[in-house]
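See below for the structure under consideration.
The values are calculated or read from the model by the stated rules, or taken from the named source; none is laboratory data. Values in this document were obtained by computation on a predicted structure and should not be read as measured data. When we count neighbours, we look across all protein chains shown, and the Cβ atoms used for this are built from the backbone with ideal geometry, even at glycine.
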């Protein structure tokens, strides 16, 4: 989701590099906007990986909360 990369660059600076599809792709974690609008990645793509249901609302907030626990630039937390 490009929205995550753009947001990370706004918070961490333009030199931030966001890498996707690493360590055994488990699918996209949709943004709230994408989840609302629908589309394959927001509704059914996770079934390929054995996940039983689409992502629930609030996943984007949980994503950012988890990311903020990781080491990073000063002021990120």
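Brief remarks on what is shown
- Hits in segment 1-13 (condition: in a loop (DSSP other than H, G, I, E, B) and either modelled with pLDDT of 85 or more or under 11 Å from the mean Cα position of the chain (by Cα) (or both)): 1
- Selection status of residue 76, modelled with pLDDT of 80 or more, part of a loop (DSSP other than H, G, I, E, B) and either in contact with a helix residue (DSSP H, G or I) (Cβ under 7 Å, 6 or more places away or on another chain) or surrounded by 10 or more Cβ atoms within 10 Å (Cβ to Cβ) (or both): no
- All positions within segment 44-60 that are surrounded by 15 or more Cβ atoms within 10 Å (Cβ to Cβ) and modelled with pLDDT under 85: 45, 46, 54, 55
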